[in-house]
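First comes the structure, then the notes that go with it.
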Amino acid sequence: MSTAPGFRSALASTVQALALPAVMVAGAIAIEHSHREAIQTELQVTADIAASAGALRLDGTSAGVHEAVAAAHRAAARNTAGGKAVLLSDDDIATGFWDEAAGGFVESTAAAEIDALRVRTRRGDLPSDFASVAIGHPEVVSTLR
């Protein structure tokens with residue numbers, strides 16, 4: 001029993017036509033996921049730089065805390081994630097101290113005990129696409145003392 005060559009060709013064309021959209025969607029998701037991972041890496045680098053710049057200014061005084069927060073803002077603004085400047089709000093920078101017994105960073109506003117900053121960076125302005133459904137919007141946190 002043999003099938004006609006025209007039938008095989010039509011069957012192959014139909015299978016390819018049905019598979020092509022799935023392959024294209026999978027490729028789009030892979031590209032978008034890679035782009036989001038690159039942005040997440042840039043956000044992590046920016047958070048680390050901002051936390052480092054701020055932590056260097058901490059000296060146990062209120063003026064030192066204010067300078068540390070300002071330095072973190074300046075450092076973040078000099079960096080980009082996905083081609084856009086990373087701007088921090090005051091809620092993105094937390095002051096506190098490092099306590100091993102408590103398991104790490106403890107928020108505080110008492111200038112004398114502040115020896116660490118926690119900086120959160122994020123990009124919530126990315127367009128809605130395939131990857132945002134599965135992955136969400138990139139956000140990272142860095143704590144440095």
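The values are calculated or read from the model by the stated rules, or taken from the named source; none is laboratory data. Here the structure is a predicted model, which means the values were calculated and not measured. Cβ placement follows ideal geometry from the backbone for every residue including glycine, while neighbour counts extend to all protein chains displayed.
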Next on the checklist: Filter the range 63-90 down to the residues that are acidic (Asp, Glu) and either touching a residue at least 12 places away in the same chain (Cβ under 8 Å) or touching a strand residue (DSSP E or B) at 6+ places or on another chain (Cβ under 6 Å) (or both) and list them by number.
Outcome noted: Asp90
Checklist outcome for this item: When Ala71 is run through (1) under 30 Å from Met24 (Cβ atoms); (2) at pLDDT 90 or above, the failure sits at (1)
Item to check | Every residue from the range 97-114 that is within 16 Å of Val69 (Cα to Cα) and not in a loop (DSSP other than H, G, I, E, B) | outcome: Phe97, Glu107, Ala111, Ala112, Glu113
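Which residue out of Leu58, Leu43, Leu87 is touching a Gly at 6+ places or on another chain (Cβ under 9 Å), outside any helix (DSSP H, G or I), among the aliphatic types (A, V, I, L, M) and at pLDDT 85 or above?
Details: Leu43 fails: outside any helix (DSSP H, G or I); Leu87 fails: touching a Gly at 6+ places or on another chain (Cβ under 9 Å).
Unique residue meeting the criteria: Leu58.
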Next on the checklist: Just the residues that are under 19 Å from Ala81 (Cα atoms), of a type outside the set (S, T, N, Q) and in contact (Cβ under 8 Å) with a residue 60 or more places away in the chain, please, taken from the range 36-62.
Outcome noted: Arg36, Ile39, Leu43, Ala47, Asp48, Ala50, Ala51
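Please specify each residue of the range 1-31 satisfying the condition of being of a type in the set (A, V, I, L, M), more than 30 Å from Gly82 (Cα to Cα) and either surrounded by 10 or more Cβ atoms within 10 Å (Cβ to Cβ) or modelled with pLDDT under 80 (or both).
Going residue by residue through the range 1-31, those that are of a type in the set (A, V, I, L, M) are 1, 4, 10-12, 15, 17-20, 22-26, 28-31.
Subset that is more than 30 Å from Gly82 (Cα to Cα): 1, 4, 10-12, 15, 17-19.
Once the filter is applied, which keeps residues that are of a type in the set (A, V, I, L, M), more than 30 Å from Gly82 (Cα to Cα) and either surrounded by 10 or more Cβ atoms within 10 Å (Cβ to Cβ) or modelled with pLDDT under 80 (or both), the range 1-31 yields Met1, Ala4, Ala10, Leu11, Ala12, Val15, Ala19.
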